[in-house]
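Here's the structure, in C-alpha cells; my notes come after.
The values are calculated or read from the model by the stated rules, or taken from the named source; none is laboratory data. Being a predicted model, the structure only gives us computed values, none of them experimental. Cβ sites come from the backbone with ideal geometry, for glycine too, and all protein chains shown count toward neighbours. Surface accessibility is based on the protein's heavy atoms, side chains included, excluding ligands, DNA and RNA. Shrake-Rupley method; radii C 1.70, N 1.55, O 1.52, S 1.80 Å.
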Amino acid sequence: MENGKPKKPCCETVRDFFASAKFLIYLGHALSTWGDRMWNFAVAVFLVELYGDNLLLTAVYGLVVAGSVLLLGAIIGDWVDKNPRLKVAQTSLLVQNCSVILCGILLMVVFQFKEQLDTLYNGWLLTSCYVMVITIANIANLASTAMSITIQRDWVVVVAGDDRSSLADMNATVRIIDQLTNILAPMLVGQIMAFGSHFMGCGFIAGWNLCSMCLEYFLLWKVYQKTPALAIKAGQKVTDSQELKQLNIQKELELTDGPVEGSQLMNESAVVKSDKEENPGCCYQMSEPVRTFRDGWVAYYNQNIFFAGMSLAFLYMTVLGFDCITTGYAYTQGLNGSILSLLMGASAVAGICGTVAFTWVRKKCGLIRTGFIAGMAQLSCLMLCVASVFAPGSPFDLSVSPFQSMVRHLLGDQAPLPEATMASLITTEAPAVLNISTMISEEVPHIESYLSVSLLFAGVIAARVGLWSFDLTVTQLIQENVAEAERGVINGVQNSMNYLLDLLHFVMVILAPNQEAFGLLVIISVSFVAMGHMMYFRFAFQNLRSRLFMCCSPEQKTDADPPSLAV
C-alpha cells in the first residue's frame with residue numbers, strides 16, 4: 001500500500017509504461033533519429049561518389065545547410081509558435097520524410113543513368129540533378145530542424161508537466177537515443193552500401209523513411225490523444241479570447257433594436273480597421289520574414305538565459321570532436337580505422353555516462369550548479385588536449401605555412417623549402433596543386449611517439465562526460481525559463497547560433513589546414529570553450545546573487561519570478 005492505494009503489479013506497471021505518452025515519444029524519436037542519422041551519413045558519401053571522389057558537392061551541401069538554418073532558424077521557430085502543435089509536427093514529419101524519399105529516388109536515377117545524363121545538354125542535365133538533390137536535401141534538413149524544436153523543446157516539456165525530475169529524465173533518455181543511433185545507424189547503412197551498392201543504399205533509406213513516416217504519424221497522434229495539454233497553446237489563447245469578445249459584441253448589437261448612428265459609424269470604422277490589419281500591403285508582407293528574423297534575435301537577447309544559450313553555442317567552435325577534421329588528423333598521426341572506431345565507441349559510452357550523471361547530479365546539487373560542475377569537468381579534461389600540443393610526437397610547428405606543407409606533401413620532400421624554391425613553385429606548380437582535390441595515403445605514416453595523440457583523444461573522450469551534462473543543463477534551462485509562446489523562436493535562434501559557431505570552426509580549419517597548425521586550432525578551441533563556460537558562470541553567479549538577495553529580503557519576492565531558476 002502506498003498513500004492508501006494498492007501497489008500495482010510489476011506486469012501492469014510495465015504495460016502502463018509502454019502505453020504511456022513518454023514511451024511513445026521515445027519510440028517516435030528513435031525512428032526519426034535513426035532515419036536522420038542514416039541519411040546524414042549517406043548523403044555525404046553519395047555526393048562524393050557522384051562527383052568523382054571530389055569533395056566539392058559535399059562542401060556546397062554543408063554550406064547550404066548551415067547557411068539555411070542560420071538565416072531561417074528564427075523564422076522556423078516563429079512558425080512553430082504560431083501554429084497548433086499537432087499541425088506543426090505532422091507537417092514537419094511529412095515534409096522531411098517525403099523530401100528524403102524524393103531525394104533517394106532521384107539519386108537512384110542518377111546512379112543508374114549517370115553516363116547517359118552526362119551526355120545530354122552538355123552535362124547540364126546532370127548538373128541540374130545535383131542542384132535538385134542539394135535543394136531537396138536542404139528542405140529535409142529544415143523540416144528536421146522544425147521537428148526537433150517541436151518534439152524535443154516543446155512536446156517533451158508538456159508531457160513532463162510540472163515535474164522537473166521527469167523533464168530531466170526525458171531529456172536524458174532522448175539524448176541517450178541520439179548517442180546510440182549516431183553510431184548504429186551509419187554502421188547499418190554503411191554495411192548495405194559496402195556489400196551491396198550505392199543504388200541499394202538509396203533504395204533502403206527511401207523505403208525506411210516511407211515506413212517510418214507512417215508509424216511516426218500514428219505515434220504523434222497517439223501522444224496527442226494521451227496528453228490533452230498539447231491541444232492548448234499559449235500563442236492561441238489570446239486569439240480565442242479576441243474571437244469570443246467579437247462574438248459577444250455581435251450578439252449585443254443584434255439584441256439592440258435600434259442602434260444609434262454613432263455606434264454604427266464606430267462599428268464600420270472598426271471593421272475597416274480590422275480589414276486593413278488582416279489585409280496588409282504587399283511591401284509589408286514581403287518584409288515580414290525580415291521582421292521575424294529581427295524580432296527573434298531581439299527576443300533571444302532579452303531572455304534571462306541569454307548567456308547560458310551563448311555558452312552552449314560557443315562549444316561548437318571546436319575541433320575537439322569526432323568529426324571529419326579530428327579523425328583526419330588522427331590518421332596523419334598513425335591511427336588506423338580500427339583504432340578510430342574503438343575511440344568513437346568509447347566517446348559514445350562517455351556521452352551516455354554524461355547523460356546519466358546529469359540526472360544524478362541535478363537531483364543532488366540542482367540544475368544551475370550541475371551546469372557549473374559539468375563545465376569545470378569539461379575544461380579540466382580539455383587540459384589534456386592542450387598538453388598534447390607540446391608533448392612528444394606532436395607535429396606542432398607554426399613556422400610551416402599551410403601552402404608550404406601542401407607542396408612538401410605533393411613532392412614527397414620533408415625538408416624545409418627555401419623561399420626561392422617556394423616562389424618558383426607558386427608560379428609553376430600552383431595549377432597542379434589546385435587541381436588535386438584529395439590526397440589520401442594508403443600507408444599509415446610512421447610516428448616516433450604516440451604520446452601526443454594519446455593525450456589528445458584521452459582529453460576529448462573524457463570531456464564528453466562534462467559536455468553532454470552541460471548540454472542537457474542548458475537545454476532544460478531553456479525549456480523551463482522560456483515562455484511557452486516563444487519556445488519555437490528562441491530555440492530556432494539557438495540553433496542558428498550553434499550553426500554560426502560551427503561554420504566559424506570550419507573557416508578556422510580552412511585557414512590553417514596543415515597538421516603542423518592543428519595544435520594552434522586545439523588551443524583556440526579550448527579558449528572558446530573556456531569563454532563559453534565563463535558566460536555560463538556569469539549567468540549562474542547573477543542567478544545565485546539574485547536568490548541570495550531574495551532570501552535576505554523576503555518582501556521582494558514575487559510570484560512572477562520563474563521557479564525553474566531555483567537551484
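Give the carbon-plus-sulfur fraction of the accessible surface of region 459-511 in %, rounded to a whole number; probe 1.4 Å, heavy atoms of protein chains only. The partial results should precede the final answer.
Numbers: 1070 of 1500 Å².
The computed percentage sits at 71.
Legend: translational diffusion of region 77-164 by Stokes-Einstein, Rh = Kirkwood radius over C-alpha pairs, 4 °C, 1.567 mPa s; D = 86 µm²/s. 3J(HN,Hα) along region 147-163, derived from phi through the Karplus expression 6.51 cos²θ - 1.76 cosθ + 1.60 where θ = phi - 60°, amounts to 5, 5, 4, 5, 7, 6, 9, 10, 4, 4, 5, 5, 5, 5, x, 8, 8 Hz, with x in place of Gly and Pro. Computed over protein heavy atoms with a 1.4 angstrom probe, the accessible surface ordering of D162, D178, largest first, is D162, D178.
Using a cut-off of 11 Å between beta-carbons, work out the net charge of the residues near K363 (Lys and Arg +1, Asp and Glu -1, K363 not included).
Numbers: positive: R164, R362, K364; negative: D169.
With Lys, Arg at +1 and Asp, Glu at -1, the neighbours total +2.
In the assembled protein chains, K226 presents an accessible area of approximately 100 Å² (probe radius 1.4 Å).
What is the list of residues in region 126-148 whose amide nitrogen lies under 15 Å from a point 7 angstrom out from the Cα of L63, following Cα to Cβ? Residues passing the 15 Å test: 131, 134-135. Residues whose amide H lies under 5 Å from that of D323, counting only those 5 or more places away or on a different chain, are absent; hydrogens are built 1.01 Å from N in the peptide plane.
For region 297-310, 3J(HN,Hα) computed residue by residue from phi via the Karplus equation (6.51, -1.76, 1.60; θ = phi - 60°) reads 5, 5, 4, 4, 5, 7, 6, 6, 9, 4, 5, 5, x, 5 Hz, glycine and proline entered as x.
Backbone geometry of region 316-330 corresponds, through the Karplus equation with coefficients 6.51, -1.76 and 1.60 at θ = phi - 60°, to 3J(HN,Hα) couplings of 7, 8, 8, 9, 8, x, 8, 10, 5, 5, 5, 5, x, 5, 4 Hz, x marking Gly and Pro.
Heavy-atom accessible area for S394, with the other protein chains in place and a 1.4 Å probe, reaches approximately 30 Å².
Around W34, under 14 Å between beta carbons, what's the net of Lys plus Arg minus Asp minus Glu among the other residues?
Working: positive: R37; negative: D36, D178, E216.
Every neighbour counted, the sum reads -2.
Is the C-alpha gyration tensor of region 126-189 telling us rounded, prolate or oblate? Criteria: a/c under 1.5 is rounded; beyond that, a/b larger than b/c is prolate, otherwise oblate.
Numbers: a/c = 6.66, a/b = 1.95, b/c = 3.42.
Verdict is oblate for region 126-189.
Please report the spacing between the Cα centers of region 203-222 and region 375-396 in Å, no decimals. The two parts, judged by their Cα centres, are 44 Å apart. For Q479, the shell of other residues with beta-carbons less than 9 Å away shows a net charge of 0, using +1 for Lys and Arg and -1 for Asp and Glu. In the complete set of protein chains, residue-level accessible area for C282 is approximately 90 Å², probe 1.4 angstrom.
With every protein chain present, what is the per residue accessible area of region 13-96 (1.4 Å probe, Å²)? It would help to have the intermediate numbers written out before the result.
On the way: 3460 Å² over 84 residues.
I get 41 Å² per residue for this part.
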